[in-house]
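Just so it is clear, none of the values below were taken in a lab; they were calculated from the coordinates. What you see is a predicted model; the values in this text were computed from it and never measured. Ideal geometry is used to build each Cβ from the backbone, glycine not excepted, and the neighbour counts take in all protein chains shown.
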Amino acid sequence: MYGCLLVKQMKIISEGETKLMVPEESTLSKKDTVFYNPVMETNRDISVSVVQSFLDDFKRDEFLMCDPLGGSGARGIRYAKELKFNGDLKVSIGDINPSAVKMIKENLKLNELENVEVFHEDANVLLSKNFKVFNVVDLDPFGSPVPYLDSGIRASLTKGGLLCMTATDTAVLCGAYRKTCIRKYNAVPLKGDKELAVRLMIGYAVKMASKYDIGLKPIFSHVTDHYARTFMVTERGAGKADSAIENIGYIRQDSEQKSFKTFEEGSEKGYAGPFYLGDISDKNIVQNALNTAKTRNYSKRAVNILELISRESEINQVGCFDIHELCSFIKKLVPPVNDIMENLKENGFKVTRVHYNPYGLKTDAELSDLVVLISEYHSKKY
């Protein structure tokens, strides 16, 4: 009876290697009977690719995953269907919405999966019942992951687990709602560079995990569309927690010039944060994820993002230089970005575009080098 009713209101689509029954119409808000966001297909393509990269080096016989905010079940079901593992892979999917639970079960039937268990339960309750159980906990809420983060950390294995989280409140993380960011993330945001949004989120998670003597090490991060996303490996012990904290600090930004202070030094007027200042993506994980996405013919956009992040991971720079902002500051016309990149390379610098800003460049050049090159470009051109 329910299945027949469901079909009249739904449509069947494909994502990756998975079929999904989803709502015919969606407002992409909490008003939807069941939440499904087609724009997040790119996110899910990347997620499967990154977790597969993590799983490729996994040495145990059992791999347990939890998607406690399942919605339509798209993410958890794609994990169960598309991850390749020689051992026993099991996925727990939960949602407090009874309509979502029914849809998840319909999607399991559609994909003939038997390695998924579905729970009609609040996310925090489901996670709290599974203390130190899961190899992967994926927090993908509508809004901020903060309300679920503590439970997510405690439900993850304390060594060699993987904590994934998405934040769709990027306006908060990027400084549009400063007081909200201070209240939710206990941090002062900076406007301008979107990479700082994910670094702020990671910094908050590192502090949360450290009270349990757990260190978090990011292996992949990106900021795309309306969300920030990161994947962090859990490392057990007070020493690992201390090491993770050492990567947290404060940032002051004057035009495109960033100044830094460590967490231990403390903040002062003009500085924002704390942010995570270490590497936010592991180049080997990124390259393996890129190979997976290409091999499986995942969305072109997912492949493009992975290619850019692969290049970014080769350059040790917090954030990027926004060429439009820089030229505005020095009162010069904006040269073609490709010309600037070529000039940097000719002068022996590494440089790449970034995935989150069409006018952003990561480079090992200093700000002063960029100013000189742009000025020289104009003197030759005009």
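Across segment 314-320, computed HN-Hα scalar couplings (Karplus, 6.51 cos²θ - 1.76 cosθ + 1.60, θ = phi - 60°) run 7, 10, 8, 9, 7, x, 8 Hz from first to last residue, x flagging Gly and Pro. Structure note, pairs LYS59/LYS211; LYS19/LYS81; LYS11/LYS84; LYS19/LYS109; LYS240/LYS261: Cα-Cα distances above 18 angstrom occur for LYS59/LYS211; LYS11/LYS84; LYS240/LYS261. In this structure, GLU117 and LYS350 have a Cβ-Cβ separation that, at R0 = 56 Å, corresponds to a calculated FRET efficiency of about 0.75. Grab the DSSP H runs of the chain that are 4 residues or longer, score each as -39,500 (n - 2.57), total them, divide by all residues and round the 222 nm result to the nearest 500 deg cm²/dmol. That comes out to -12000 deg cm²/dmol.
Rounded to whole numbers, the Karplus 3J(HN,Hα) couplings from phi for segment 362-376 are 9, 7, 8, 6, 7, 4, 4, 5, 5, 4, 5, 5, 5, 5, 5 Hz, using 6.51 cos²θ - 1.76 cosθ + 1.60 with θ = phi - 60°, and x at Gly and Pro.
Here LYS191 and LYS332 are evaluated by their C-beta separation; at R0 = 22 Å the FRET efficiency comes out at 0.45. Please determine, in degrees from 0 to 90 and to the nearest 10, the orientation of helix 337-346 with respect to the longest principal axis defined by the Cα atoms of the chain, where the helix direction is its Cα long axis. So the helix axis and the longest Cα principal axis differ by about 70 degrees.
Rounded to the nearest 0.05, the FRET efficiency derived from the C-beta distance between TYR359 and GLU24 at R0 = 45 Å is 0.75. Here the contact order of segment 274-382, divided by its residue count and restricted to Cα pairs under 8 Å and six or more residues apart, works out to 25 percent. In terms of packing, defined here as the mean over residues of other Cβ atoms within 10 angstrom, the peptides 188-195, 215-222, 112-119 line up highest first as 215-222, 188-195, 112-119. If you average the alpha carbon positions of segment 339-374 and of segment 173-247, how far apart do those two centres end up, in angstrom? Each part's Cα centre sits 27 Å from the other's.
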